[in-house]
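Novice: Below is the structure I would like to discuss, written out as structure tokens.
The values are calculated or read from the model by the stated rules, or taken from the named source; none is laboratory data. Remember, it's a predicted structure, so these values are computed and weren't measured experimentally. Because the Cβ atoms are built from the backbone with ideal geometry, glycine has one as well, and the counts that use them run over all protein chains shown.
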Amino acid sequence: NNISYQEFLQAAVDVTQEVSPLILKNYHSRERKIEYKGAVDLVTDTDKAVEEHIIKTLTTKYPFTKILGEESTKDGIYGWTDEPTWIIDPIDGTTNFVHRFPLFCVSIALAYKKEVVVGVIYCPTLNETFTATLGGGAYLNGEKISVSQVDNLQHAVIATNVGYDRSKSGIDFMLGNLSNILNQNVQSIRFSGTAAWEMASVSCGRIDCFYEWGIHPWDIAAASILITEAGGVVVDPTNTKVNMESRKVLCGNPKIVELVSKQLLEKPGHPK
Ligand code: IPD
């Protein structure tokens, strides 16, 4: 059909504005209903209500589109096909949201033939809207953005997260990577608890690189097009082609990605 990327983008931006008041109201409220998806992995009634509203709005407007959503994915099976598919994380950074730590965001991507063609990340507390369309550049609140130009680890700030793996081998693996990077005299490391917002921060150059094992397509889809449209790269941690369903990612400005990739270990038992 002949709907432009720009029109899809506008629909996604509009829906983030529609859910914003509910997210902010519940963020400030003392009452919250929390469920555990895993030992340390949370979901709230806000995540569910926001996802429901986004799905309903976008599929009513574009009935031919499919959904890959964090809270509507069953049994860990993504079922991601070539059809036009909205990839939705209603609140990326749910732990932050629950603890009233102000970094979390709504992430909406549209993929076609499994390529992301539209991406929006909206952070309600900072009032930041990041947008990108394939071939159309990346923007923060309407201003064109680009990844950083830092070309050495001593001047680089790297972000990652501790995720949900609390196994001995998982912890050793995470600490091994941190140790390797710190031993390169990296300027600093950040763990903000929201992969999508950290990747959005890579796209506008305030973080030079991000990596994580354990992420899902909804954490990285929208942010990945922000980064590539801002001149950065989104790859597998081995610095080869990324597989968005492989639960691992490395991204940033190309030079820092190349340097960080050399420091990252292979995770024992992790699917390739
Ligand atoms: C999570 C956050 C967190 C990251 C996890 C994600 P959620 O998303 O991005 O920073 O460490 O891997 O699953 O569950 O808050 O939407």
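Novice: Working only within segment 71-87, note down all residues that are within 14 Å of the ligand (Cβ to nearest atom) and in contact with a Phe, Trp or Tyr (Cβ under 6 Å, 6 or more places away or on another chain).
Specialist: Of everything in segment 71-87, just one residue is within 14 Å of the ligand (Cβ to nearest atom) and in contact with a Phe, Trp or Tyr (Cβ under 6 Å, 6 or more places away or on another chain), namely Ile87.
Novice: Looking at (1) surrounded by 13 or more Cβ atoms within 10 Å (Cβ to Cβ); (2) modelled with pLDDT of 95 or more; (3) under 21 Å from Met199 (Cα atoms), find the lone condition where Glu70 falls short.
Specialist: Glu70 satisfies every listed condition except (2).
Novice: Let me ask something else. Take segment 215-233 and flag every residue that is of a type in the set (A, V, I, L, M) and either surrounded by fewer than 24 Cβ atoms within 10 Å (Cβ to Cβ) or in a helix (DSSP H, G or I) (or both).
Specialist: Matches in segment 215-233: Ile215, Ile220, Ala221, Ala222, Ala223, Ile225, Leu226, Ile227, Val233.
Novice: While we're on this one: Taking segment 118-143 as the region of interest, how many residues are without any contact (Cβ under 8 Å) to a residue 12 or more places away in the chain and surrounded by 15 or more Cβ atoms within 10 Å (Cβ to Cβ)?
Specialist: Going through segment 118-143 one residue at a time, the tally reaches 1.
Novice: Taking only segment 21-40 into account, find how many residues are crowded, with 16+ Cβ neighbours inside 10 Å and either closer than 28 Å to Ala111 by Cα or among the small types (Gly, Ala, Ser) (or both).
Specialist: 1
Every residue, every condition in (1) outside the structural domain of Val202 (by TED's automatic domain parsing); (2) away from the ligand (no atom under 16 Å from the Cβ), yes or no:
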| residue | (1), (2) |
| --- | --- |
| Pro63 | yes, yes |
| Ile67 | yes, no |
| Thr95 | yes, no |
| Ser107 | yes, no |
| Pro124 | yes, no |
| Phe130 | yes, no |
| Tyr164 | no, no |
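Novice: A follow-up question, please. How many residues, within segment 244-272, are over 22 Å from Ile77 (Cα atoms), part of a loop (DSSP other than H, G, I, E, B) and free of Cβ contacts under 8 Å to residues at least 40 places away in the same chain?
Specialist: Within segment 244-272, residues that are over 22 Å from Ile77 (Cα atoms), part of a loop (DSSP other than H, G, I, E, B) and free of Cβ contacts under 8 Å to residues at least 40 places away in the same chain number 2.
Novice: Has segment 170-187 got at least one residue that is away from the ligand (no atom under 16 Å from the Cβ), in contact (Cβ under 8 Å) with a residue 60 or more places away in the chain and among the hydroxyl-bearing types (Ser, Thr, Tyr)?
Specialist: Looking for residues that are away from the ligand (no atom under 16 Å from the Cβ), in contact (Cβ under 8 Å) with a residue 60 or more places away in the chain and among the hydroxyl-bearing types (Ser, Thr, Tyr), one finds none in segment 170-187, hence no.
Novice: Give Ser167, Ser146, Ser201 a once-over and let me know the one that is out of contact with any Asp or Glu (no Cβ under 8 Å at 6 or more places or on another chain), surrounded by fewer than 14 Cβ atoms within 10 Å (Cβ to Cβ) and farther than 22 Å from Val15 by Cβ.
Specialist: Exactly one residue qualifies, and that residue is Ser167.
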